[in-house]
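Trainee: Can you keep this structure in mind? I'll have questions shortly.
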Amino acid sequence: MSTPPAFPASTVLGYPRIGPRRELKRALEAYWDGRSTREELDRAGAELRERTWLRLAELGLEALPSNTFSLYDHVLDTAVLLGAVPKRYLDAEDPYFAMARGTDGLAPLRMTKWFDTNYHYIVPEVGPDTAFALDTAKPLGEVRQARALGLETRPVVLGPVTFLLLSERGAAALDRLGDVLDCYERLLAELAAEGVAWAQLDEPALVTDLGPAGLAAVREAYERLGGAAARPGLLVAAPYGDLGEALPVLAATPVEAIGVDLVRGGLDGVAALAGKTVVAGVVSGRDVWRTAPERAAHALRTVRAHAAHVVVGTSCSLLHVPYDVAAEPDLDPALRARLAFAEQKVAEVVELARSSWDGPEPAAASVPLAAPVPAGERAPYAVRAAAQAERLGLPPLPVTTIGSFPQTGELRAARAAVAAGTLPEQEYDRLVEAEIERAVRVQERLGLDVLVHGEPERNDMVQYFAEHLDGFAVTREGWVQSYGSRCTRPPILHGDVSRPGPITVRWTRHAQSLTDRPVKGMLTGPVTIVAWSFVRDDLPLRDVVFQVAEAIREEVTDLEAAGVPVIQVDEPALRELLPLRRASRAEYLEWSVAAYRRATSGAGPATQIHTHLCYSDADQILAAIDGLDADVTTVESARSGGRILGAVGGFGRGLGPGVYDIHSPRVPGGEEVERLLREALQALPAGRLWVNPDCGLKTRTYEQVEAALANVVAATRRLREELALD
């Protein structure tokens with residue numbers, strides 16, 4: 001191939017795609033609900049892409065990425081690009097969304113967390129017989145769309161090694177590397193024929209422990225793709241950490257440019273980048289704090305001493321941050337001055353690219369001493385189990401839900417009206433109480449054993465607590481995509497955390513007053529509150545988590561004092577924060593488990609503590625989950641095909657592997673639920689098995705929920721009778 005033109009001086013690895021006002025969410029849900037057509041959805045996507053490219057160009061960014069937009073998930077897009085679509089989806093009306101969300105008769109593909117972020121990706125299925133077939137319509141279409149605006153772009157595609165490692169078979173799927181590389185070679189040739197100067201292949205798996213087979217795959221992939229006769233210049237980007245042992249392997253291949261994360265990674269080994277163009281990720285794509293210019297300049301100077309050409313960029317895609325601080329007039333001005341959302345981060349990239357990078361060396365960062373771990377233990381499990389059995393009197397295979405019930409349009413409108421000052425809080429409170437009663441009566445009628453109040457007062461499981469704790473700020477438009485149309489507004493944890501007063505006690509007490517059945521108090525755990533917030537960077541993360549743990553401990557104590565018999569403290573982010581490198585994991589798991597135990601240590605033996613984890617490969621950290629010492633743990637299982645059941649042999653407490661995938665609109669039939677329960681009973685004794693959905697029911701409708709839970713209860717009763725458990 002001919003030498004590519006010099007890479008422009010500034011770029012980002014990706015950009016938010018949901019729209020500044022969540023336009024994509026509304027377009028998707030209109031299509032899914034039958035209120036619009038696929039053509040209208042595609043037009044909405046095209047408009048969002050155009051607005052993004054034009055805005056990035058207006059901000060002065062020199063190298064614009066394309067193919068970072070997705071209607072659902074970029075990993076799923078890559079599976080479609082490569083033709084890795086399982087045969088069972090090909091006859092669906094819309095195979096793409098059938099894989100993402102399922103249909104009435106077809107379960108979706110598994111979904112899990114993207115590296116150590118709260119973004120969820122669809123897990124591809126790549127088997128020995130997968131027939132790859134390249135389909136370049138999307139990346140080429142976006143190049144042409146941008147070119148019609150007078151803009152040249154750099155197509156971004158998930159790299160072949162990461163795609164295979166993230167697939168259902170993991171490292172075993174590397175046996176298909178040669179076939180996948182055939183597709184990537186043809187893709188690069190088509191991009192070159194289209195006149196594309198540069199292409200970006202994202203390989204975040206390179207910042208994990210690859211081992212000899214993984215490193216060999218990196219070498220094979222980029223020797224071959226780098227040596228292709230017809231291709232654009234190649235940028236291989238490795239966000240979310242340090243390339244470590246993969247850096248010299250990748251640098252020895254013929255690729256022209258390497259993107260390195262200089263926020264989460266370090267400067268060790270940069271000498272290996274000699275002769276390469278380096279996209280230096282000095283502006284963080286994972287947080288909302290302004291970049292320290294002296295530290296960024298120091299990193300850029302260090303890289304410049306070795307690299308052939310240095311490009312200023314972001315550490316990863318800006319997918320993980322909101323759009324614009326200017327949309328947040330309610331934030332304290334002093335806090336706003338410290339913040340940079342996507343627009344501000346692009347401006348920082350542009351400004352750094354135009355600067356000389358000269359100046360004094362940054363002062364050495366002071367690392368505060370970690371605070372001592374507060375002690376806190378409960379009575380032994382055997383003592384607790386006996387006390388709880390006597391207090392609760394539950395049947396075998398008790399049925400419960402994870403916490404939330406559907407959030408109705410009326411409820412959302414009322415919450416917005418209270419915020420706008422057009423609805424008195426007393427009227428809103430009455431509406432919340434009525435919605436709690438509705439949820440309780442539905443559960444009683446369906447026959448659930450442990451009830452929830454449905455959380456109608458909560459906008460989000462983390463934001464709600466942030467609004468009631470000191471040290472947090474919340475945003476108006478700070479939306480970040482979690483998956484598909486699901487968006488969250490991560491709070492900003494900017495100061496010391498404390499609890500001014502009770503948060504959930506009033507609503508839980510009201511629910512318990514409506515029924516004789518036990519009602520769970522619902523709390524979010526300290527690790528999850530911190531993981532799903534943008535967190536201050538001037539304290540060790542564990543110290544911040546323990547501050548939150550103290551606040552949750554106070555709430556647990558107040559719930560118990562109010563007579564609440566079951567308290568659920570969710571930690572779905574426990575696996576998410578697990579360091580990508582194995583060497584750092586033991587320390588993290590030690591303090592994160594200790595923080596959870598501190599948060600729950602105020603509960604007496606007769607109070608049953610539940611926890612919940614979802615869509616996070618919980619089977620990989622089962623020993624740590626057992627260490628949480630919760631009396632009952634509920635986990636996602638239905639969507640992942642019960643994979644956790646193969647790892648629970650030594651789990652010594654109550655466990656609820658989900659039997660209902662709530663992230664799909666489909667309603668599971670009774671036979672399906674019964675099959676999942678029978679599989680669970682092969683791994684767990686009936687005395688420790690709980691029956692529950694995979695996750696909360698907030699995103700579903702009451703019609704879907706009632707039909708699904710009715711099937712869950714009916715299947716459970718059939719098994720109780722058959723096994724003479726009653």
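Trainee: For Arg336 and Leu149 in one chain, what is 0.36 nm times their gap in residues minus the Cα-Cα distance, to one decimal in nm? Don't jump to the answer; show the numbers that get you there.
Mentor: Numbers: separation 187, 0.36 × 187 = 67.32 nm, distance 3.36 nm.
That pair, Arg336 and Leu149, stretches by 64.0 nm at full extension.
Trainee: Then there is this: Pull out the extension gain between Ser513 and Asp429, defined as 0.36 nm times the separation in residues minus the alpha carbon to alpha carbon distance; nm, one decimal. Kindly include the intermediate steps, with their values, before the conclusion.
Mentor: Values: separation 84, 0.36 × 84 = 30.24 nm, distance 1.61 nm.
Extending this stretch completely gives an extra 28.6 nm.
Trainee: Amide H of Gly656 versus every other amide H placed in the peptide plane: which residues, excluding those fewer than 5 positions away on the same chain, fall under 5 Å?
Mentor: So Gly656 has HN proximity to Thr633, Thr634, Val635, Trp690.
Trainee: Length gain on complete extension for the stretch Thr3 to Glu194, per 0.36 nm per residue less the alpha carbon to alpha carbon distance? The partial results should precede the final answer.
Mentor: Values: separation 191, 0.36 × 191 = 68.76 nm, distance 1.63 nm.
Stretched fully, the Thr3-Glu194 segment lengthens by 67.1 nm.
Trainee: Averaging over every viewing direction, what projected area does the convex hull of the Cα atoms of segment 393-441 cover, in nm²? It would help to have the intermediate numbers written out before the result.
Mentor: Values: hull surface 18.4 nm².
Directional mean of the projected Cα hull area for segment 393-441 stands at 4.6 nm².
Trainee: Still on this model: Can you compute the helix-only [θ] at 222 nm over the chain? Use -39500 (n - 2.57) per DSSP H run of at least 4 residues, normalise by all residues, nearest 500 deg cm²/dmol. Please list the in-between numbers first.
Mentor: Working: 23 runs with 276 residues, N = 726.
Theoretical 222 nm ellipticity from helices: -12000 deg cm²/dmol.
Trainee: Can you give the FRET efficiency for Glu679 and Lys87, using 1/(1 + (r/R0)^6), R0 = 22 Å, r = Cβ-Cβ distance, to the nearest 0.05?
Mentor: Computed FRET efficiency for Glu679 and Lys87 comes out at 0.35.
Trainee: How high is the FRET efficiency between Val418 and Ala379 when r is their beta carbon distance and R₀ equals 45 Å, given to the nearest 0.05?
Mentor: Values: r = 42 Å, r/R0 = 0.93.
The formula returns an efficiency of 0.60 here.
Trainee: Where Lys and Arg each count +1 and Asp and Glu each count -1, what net charge lies around Leu210 among other residues with Cβ under 14 Å from its Cβ? Numbers along the way, then the final one.
Mentor: Working: positive: Arg219, Arg581, Arg582; negative: Glu203, Asp209, Glu220, Asp242, Glu245.
Cβ neighbours under 14 Å give a net charge of -2.
Trainee: May I ask for the percentage of alpha-carbon pairs in segment 1-110 that lie more than 22 Å from each other? Please list the in-between numbers first.
Mentor: Numbers: 2701 of 5995 pairs.
Above the 22 Å cut-off, segment 1-110 has 45 percent of its Cα pairs.
Trainee: Tell me the relative contact order for the chain as a rounded percent, counting alpha carbon contacts under 8 Å between residues six or more apart. Show your work: numbers first, answer last.
Mentor: On the way: 1432 pairs, mean separation 93.2, N = 726.
Result for the chain is 13 percent.
Trainee: Same structure again: May I ask you to derive the relative contact order of segment 46-196, considering only C-alpha pairs under 8 Å and at least 6 residues apart, and to give it as an integer percent? Mind showing how you got there, number by number?
Mentor: On the way: 181 pairs, mean separation 41.0, N = 151.
Once normalised by length, the contact order is 27 percent.
Trainee: Hey, what did segment 476-610 get for relative contact order, percent, Cα under 8 Å, at least 6 apart? Before the final figure, lay out each step's value.
Mentor: Details: 189 pairs, mean separation 38.9, N = 135.
Worked out over segment 476-610, it gives 29 percent.
Trainee: Can you give the local net charge around Cys316? Use residues other than it whose beta-carbon is closer than 15 angstrom to its beta-carbon, Lys and Arg +1, Asp and Glu -1.
Mentor: Details: positive: Arg17, Lys113, Arg264, Arg286, Lys345; negative: Asp116, Asp202, Glu203, Asp242, Asp261, Asp287, Glu348.
In short, -2.
Trainee: With each pseudo-label sitting 7 Å past Cα toward Cβ, what's the Asp129-Val80 distance in nm, one decimal?
Mentor: In this crude label model, Asp129 to Val80 measures out at 2.5 nm.
Trainee: Number of Lys-Lys pairs in the chain under 23 Å by Cα, sequence gap 8 or more or different chains?
Mentor: Numbers: Lys25/Lys113; Lys25/Lys138; Lys25/Lys698; Lys87/Lys138; Lys113/Lys698; Lys520/Lys698.
Summing the qualifying lysine pairs gives 6.
Trainee: Sum up the charges of everything whose Cβ sits under 14 Å from the Cβ of Val474, counting Lys and Arg as +1 and Asp and Glu as -1, but leave Val474 out. Don't skip to the end; give the middle numbers.
Mentor: Details: positive: Arg336, Arg415, Arg458, Arg476, Arg489; negative: Glu328, Asp330, Asp332, Asp460, Glu467, Asp470, Glu477.
Value of the local net charge: -2.
Trainee: While we're looking at this one, here's another question. Which label marks the calculated value of Cα extents along the principal axes in Å, given the options (1) 90, 78, 60; (2) 81, 66, 47; (3) 76, 56, 51?
Mentor: (3)
Trainee: Moving to a separate point now. Based on alpha-carbon centroids, what's the gap between segment 1-49 and segment 229-274 in Å, whole number please?
Mentor: Rounded to whole Å, the Cα centres lie 27 Å apart.
Trainee: Find me the longest stretch of the chain that has none of the exposed GluC sites (Glu not before Pro), where exposed means in a DSSP loop (not H, G, I, E or B) with at most 10 other Cβ atoms within 10 Å.
Mentor: Values: sites that count: Glu93, Glu377.
With a cap of 10 other Cβ atoms within 10 Å, the longest stretch comes to 378-726.
Quick note: the coordinates plus some simple rules give every number you see, no bench work behind them. Please read all numbers here as calculations on a predicted model, not as lab measurements. Every residue, glycine as well, gets a Cβ built from its backbone with ideal geometry; the counts of neighbours run over all protein chains shown.
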